[in-house]
1. Springs between alpha-carbon atoms under 10 Å, Gaussian network over the chain: tell me which of GLU192, GLU37, GLU245 tops the mean-square fluctuations.
2. So for the chain, averaging the separation of alpha carbon pairs under 8 Å that are six or more residues apart and normalising by length, what relative contact order in percent results?
3. Out of residues 5 or more away from TRP26 or on other chains, whose amide H comes under 5 Å of its own, with H placed 1.01 Å from N in the peptide plane?
4. Counting other beta carbons within 10 Å of each Cβ, put GLU148, GLU129 in order, fewest first.
5. Let's test the formula: R0 of 30 Å, r as the Cβ-Cβ distance of ARG118 and ARG79. What FRET efficiency results, to the nearest 0.05?
6. Where in the range 121-161 does the amide nitrogen come within less than 20 Å of the point 7 Å from the Cα of VAL72, taken along Cα to Cβ?
7. Just to be sure I understand the model, the point goes 7 Å from the Cα along the line to the Cβ. What's the resulting VAL224 to VAL256 distance in nm?
8. Take ALA19 and SER173, extend 7 Å from each Cα along the Cα→Cβ direction, and tell me the distance between the two endpoints in nm.
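No value in this document is a laboratory result; all are computed from the given coordinates. Fair warning: this is a prediction, and the values are worked out from it, not measured in the lab. Here the Cβ positions follow ideal geometry from the backbone for every residue, glycine too, while neighbour counts run over all protein chains shown.
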Amino acid sequence: MTTSATRTPAICLEDACVAFGQRRLWDHLDIDIEPGEFVAVLGPNGAGKTTLLRVLLGQVDLAHGQARIGGVPVSRGSRLIGYVPQQKSLDHRATLRGRDLVALGLDGDRWGPPWPSREQRRQVDAALEQVGATAYADAPLSMLSGGEQQRLRIAQALVRRPTVLLCDEPLLSLDLHQQRTVTELIDRTRRELDIAVVFVTHEINPILSAVDRVIHFAAGKALVGTPDEVMTTESLTELYGSPVEVIRHQNRIIVVGADEVTGHAHHPHDHDDEDAA
């Protein structure tokens, strides 16, 4: 992580609160995320992990507080942001090529067919090279593995050279090898390009070596700190308001909590289809 007291934070949230009617999803979130910093977002189902990304994308308004990207209030369609969605299965009949998917990152928000220029083709080629996807850039997406498809989605997010990369459960449906590959790619890219990463996940272990800080949502609150500060028995017990035990074993973090706290007997970080709110 690269920091400087003179630089504007890539992301700034001040006393941020999201509420739906009388229900406060989370409140009093304060964090400055620096360029090049990797922040994991954790919490149980429905706690507001994906909602945080929607706030930064300008899709959900705060009930109070402020959210800024690069010193500017959040807005829809900001070119300062790249977005990597959850892995989704593709129709086997789909003929969209890898480079076509990446090109949508340049003009997918505009009406009408794209009109690729020489400069746009150069940008697409550069993004493909950045993620190591040049070899299969002209293959149909339906013929590619989940890991290869996620590389292309990361290239799509990077093609406009953003300063912030928002990742919504990008490791779902990937095997362990693919998870490691995608994590290493995002980690390397944020260091090379000095991009702030906000990475929503239900499982911290695959990304633990890359994480600088954690935002953990639960019980309408947010706990912010390094993994060593947040992922402890004492911190999570206080956050959840009920006994939670954190066990560290061979560079892995195992969290055990009561059913009434986590919704699961073994782990509070499970799939987050969430934000059904």
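1. It is GLU192.
2. 26 percent
3. Those lying under 5 Å, H to H, from TRP26 are VAL18.
4. Fewest-to-most ranking of GLU148, GLU129: GLU129, GLU148.
5. E between ARG118 and ARG79, to the nearest 0.05, is 0.90.
6. 157-161
7. In this crude label model, VAL224 to VAL256 measures out at 3.3 nm.
8. It is 3.7 nm.
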